[in-house]
Each structure stands twice: as C-alpha cells, then as structure tokens.
Amino acid sequence: MDLCVCEILDKQGASKIRIYTTKKKFKKLVTIIEGVDKAQLDQTTKQLKHKFACGGSAKEGVIILQGDHKRRAVEVLKQLGYPGETIEVS
C-alpha cells in the first residue's frame with residue numbers, strides 16, 4: 001500500500017478561504033466560499049453539496065451553495081483537509 005500525502009499538501013498550500021452569505025433572488029440566502037484551489041474546486045463543491053444536501057455550483061473559482069451553511073462549512077472543510085487557520089467566516 002502506497003501512502004500519498006500529495007492531496008493534503010495541495011490543500012495546505014491553499015490561500016485564505018473566505019465564507020460568507022448573501023441574498024439572491026426572492027430573498028433566498030446563499031453561502032459563498034472563495035479561495036479554494038481551482039484544481040480542487042469541483043471535487044470540494046461536490047463533497048459540500050452532498051454533506052449539506054443542497055444545490056450549488058462552482059463558477060469562476062467560487063463555490064455557491066443554496067442556503068445558510070456558514071457555520072457547518074468550516075467543520076466540513078477541516079474534515080476535507082483544509083487547515084483551519086486559513087478559513088475565515090464573515
């Protein structure tokens with residue numbers, strides 16, 4: 001069995017990750033996650049949507065999730081291997 005820490009090292013090199021909510025059409029809240037590495041963007045989006053059982057998309061380096069998931073997103077990103085000190089909630 002080969003042990004590879006390549007994926008973990010990629011995530012540790014990630015820039016500052018910013019999580020915030022905003023209102024879209026019809027006063028619906030969406031959670032925006034910025035700063036996720038573009039190479040990991042689609043996979044991270046898929047895992048977050050599955051964990052939160054919500055819709056969403058990844059566009060232009062930004063993850064958009066339907067609903068207010070600010071607090072839970074921090075814990076899930078840590079579980080996915082992103083360092084907690086780079087995650088900022090506003």
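The values are calculated or read from the model by the stated rules, or taken from the named source; none is laboratory data. If you're wondering where the values come from, they're calculated on a predicted model, not measured in any experiment. Virtual Cβ from ideal backbone geometry, glycine too; neighbours counted across all protein chains shown.
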Keeping to the stretch 14-51, report how many residues are hydrophobic (A, V, I, L, M, F, W, C), in contact with a Lys or Arg (Cβ under 9 Å, 6 or more places away or on another chain) and over 19 Å from GLU88 (Cβ atoms). 0
What tally of residues in the stretch 11-45 results from selecting those that are over 21 Å from PRO83 (Cβ atoms) and modelled with pLDDT under 90? 4
Given (1) surrounded by fewer than 17 Cβ atoms within 10 Å (Cβ to Cβ); (2) in contact with a Phe, Trp or Tyr (Cβ under 9 Å, 6 or more places away or on another chain), index of the condition PHE26 fails: (2)
Among strands (runs of 3 or more DSSP E) completely within the stretch 33-90, the ones holding 2 or more residues that are within 10 Å of the chain's Cα centre (by Cα), of a type in the set (A, V, I, L, M, F, W, C) and surrounded by 15 or more Cβ atoms within 10 Å (Cβ to Cβ) are 62-66
